[in-house]
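The values are calculated or read from the model by the stated rules, or taken from the named source; none is laboratory data. A quick note: this is a predicted structure, and the numbers were derived from the prediction, not measured. Cβ placement follows ideal geometry from the backbone for every residue including glycine, while neighbour counts extend to all protein chains displayed.
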Amino acid sequence: MEIAQFDQYGNEVKEPNWPFQIDVEPYDVYGWTDEYQNDFQDQLGAIPYGSVLFKIMAFDMPPELGGEEKLVGALVMRSNLITSFFGDTELYFQHHRMEDDIKVRPHYFEWLQFWDNGKFTETPLPEVAPMVRCPFTFLFEAANLV
């Protein structure tokens, strides 16, 4: 739901509409395989400007209720790859729990798939990342990379 709470200009949406499920499908025109064992940044650096990296697909409702998967967008390289210390240490994408969505659309609950190793809401997060840091920064710090 959080992806639909604001429009592209930052204005709050009174009645947000969001997909039941989003799938990110690689748009692989390079023929890369799992055999590639070099630095992924070198691999990404070979992708030319303007290339489609992923197709963004979405279901408007659970497939069991007649939902259909539709192409809703694409993730496109709009510049050459730029690595940065900020991106490695400060960039953070916050994720919300699905319970917020279920409060608004309770009829979706029975169509959800659950993790068999306990509920995420019952599992404490070891170190909640601050709002402006990458949640994996502690790994870089532990390896003395930052």
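Numbers below:
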| item | result |
| --- | --- |
| One residue from Leu81, Leu75, Leu44 being assigned to a loop (DSSP other than H, G, I, E, B) and of a type in the set (A, V, I, L, M, F, W, C) | Leu81 |
| Given (1) assigned to a strand (DSSP E or B); (2) of a type in the set (Gly, Ala, Ser); (3) free of Cβ contacts under 8 Å to residues at least 12 places away in the same chain, number of the condition Gly31 does not satisfy | (1) |
| Residue among Leu75, Leu91 that alone is within 30 Å of Asn17 (Cα to Cα) and either at pLDDT 80 or above or touching a strand residue (DSSP E or B) at 6+ places or on another chain (Cβ under 9 Å) (or both) | Leu75 |
| Neighbours by Cβ (under 8 Å, 6+ apart or cross-chain): first from the range 81-95, within 15 Å of Phe40 (Cβ to Cβ); second in a loop (DSSP other than H, G, I, E, B) and of a type in the set (A, V, I, L, M) | Leu81/Ile47; Asp88/Val146 |
| Residues within the range 94-127 that are at pLDDT 80 or above and basic (Lys, Arg), tallied | 2 |
| Number of positions in the range 47-71 that are touching a helix residue (DSSP H, G or I) at 6+ places or on another chain (Cβ under 7 Å) and assigned to a loop (DSSP other than H, G, I, E, B) | 1 |
| Residue count, the range 1-31 (criterion: surrounded by 11 or more Cβ atoms within 10 Å (Cβ to Cβ), over 29 Å from Leu44 (Cα atoms) and of a type in the set (Phe, Trp, Tyr)) | 3 |
| Search result, residues across the range 1-28 that are touching a residue at least 24 places away in the same chain (Cβ under 8 Å) and not in a loop (DSSP other than H, G, I, E, B) | Glu2, Gln21, Ile22, Asp23, Val24, Glu25, Pro26 |
| Breaking point among (1) out of contact with any Asp or Glu (no Cβ under 8 Å at 6 or more places or on another chain); (2) within 27 Å of Phe140 (Cα to Cα), for Tyr30 | (2) |
